[in-house]
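The values are calculated or read from the model by the stated rules, or taken from the named source; none is laboratory data. All figures in this text were calculated on a predicted structure; none of them were measured in a lab. Please note: Cβ atoms are built from the backbone with ideal geometry, for glycine as well, and neighbour counts cover all protein chains shown.
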């Protein structure tokens, strides 16, 4: 059988910065023109929560956010000097003494020494949570920095809420998930990590991690402020090890700026009034004693802030080919809820919805999704995106370029990671693998690939401006991890700012 292979390097999607300036590299553009929401004079007020020693380190290091710092990494095209908060964002990052909360060192040490694993975990949560919640008053900071020592940043315990039967069922699912990962042809460590980003993880329910439980406590509050968890090695690194202060300042400042309610950059090429929706599934523990799947929809658009909505819970056995799916009513209700939320936020009905999913669409899902499109939205594209073991090697030493679209017969592969021309570098240790994309129904896959590529640039947790997966799916992972900590009947805070 002869296969036709076609290759095309798609143009890198541009981003919008201050004064409508367009560019592909956030660090270059913000250093030159400033962030999209650059509003001089509006400082960002930071709170700090932690033990005395951690708070002192944080306050000393945070000075770097307001000063220029030189990058010392080898590739100066990728790692840019940090110009200071006023220049890049039009703000100063300030810490007022009234927004500093010291965690009692004696109580912290006593809690850490508690031999009972579960009570130690809860004591530590209560200790930090009480200090954080004391900041949710009428006069409040824009973002709260929670400084965790290494033993807390890495702390995790077995989930005590699981019965032995539930634990055994989840462990079987975890083995199944890992076997799916290993079914990739000779997967590299990078590919295994990439596949893990998209799969439903039983481990999220098998174990409780401290930083995740703390974030869940915060978003449970009706008047919460977004938090930024900070590890000691952000502030204290030996000279010459790891990223420079400039690079750390770029990343920390970008994340805080967004969590404080401002946008560092916006997409340029995405069509107007289009709602991009990621559908994902996560393990959930029911109060009556059962492990189920929870469905979640993540939405992104030019017109609104990204948000997430929880859908129906699904029995563990509602699966095909080892993948959970929605029945027709569940699919219709979930998309209907997204359209309602979009209308409430933007004041209009979307003219098009694009659904992203990491598994093939079941007939029930297609009928449910399209039923909403037929009654409320003129156009609906159903796109699936999944990991693949395909390799493409260029002649010579250079890796495939980011944005390479490879058509092999009827199948389409998109390199969201690869050689980055404006950095003159491939930012990865292994040969890049693309994602495979396809559709349920007729659509222009080249246009869908351009949209996916643009959505990979919308992760404000980093200042680099590229990612492996579109925000519709990378957002899902963060939401799902926190949902395992929330009660079944609790509606998650919809704002993306709380999950970053």
Please verify whether segment 469-479 includes one or more residues that are in a strand (DSSP E or B), on the phi < 0 side of the Ramachandran plot and not assigned by TED's automatic domain parsing to the domain that holds residue 249.
-> no
Subset of segment 1-39 that is assigned to a helix (DSSP H, G or I) and in contact with a helix residue (DSSP H, G or I) (Cβ under 7 Å, 6 or more places away or on another chain) - its residue that is farthest from residue 404 (Cα to Cα) = 31
Any residue in segment 218-236 that is on the phi > 0 side of the Ramachandran plot and in contact (Cβ under 8 Å) with a residue 60 or more places away in the chain?
-> no
Within segment 335-367, how many residues turn out to be assigned to a helix (DSSP H, G or I), in contact (Cβ under 8 Å) with a residue 12 or more places away in the chain and either surrounded by fewer than 22 Cβ atoms within 10 Å (Cβ to Cβ) or out of contact with any helix residue (DSSP H, G or I) (no Cβ under 8 Å at 6 or more places or on another chain) (or both)?
-> 11
From the list 308, 294, 299, 331, pick out the single residue that is out of contact with any strand residue (DSSP E or B) (no Cβ under 6 Å at 6 or more places or on another chain) and crowded, with 23+ Cβ neighbours inside 10 Å.
-> 331
Does residue 55 fit the bill of being out of contact with any helix residue (DSSP H, G or I) (no Cβ under 9 Å at 6 or more places or on another chain), part of a helix (DSSP H, G or I), surrounded by fewer than 18 Cβ atoms within 10 Å (Cβ to Cβ) and in contact (Cβ under 8 Å) with a residue 40 or more places away in the chain?
-> no
The condition from (1) over 12 Å from the mean Cα position of the chain (by Cα); (2) under 22 Å from residue 301 (Cβ atoms); (3) in a loop (DSSP other than H, G, I, E, B) that residue 459 misses is numbered (1)
Is it the case that segment 397-410 has a residue that's within 22 Å of residue 361 (Cα to Cα), part of a loop (DSSP other than H, G, I, E, B) and in contact with a helix residue (DSSP H, G or I) (Cβ under 7 Å, 6 or more places away or on another chain)?
-> no
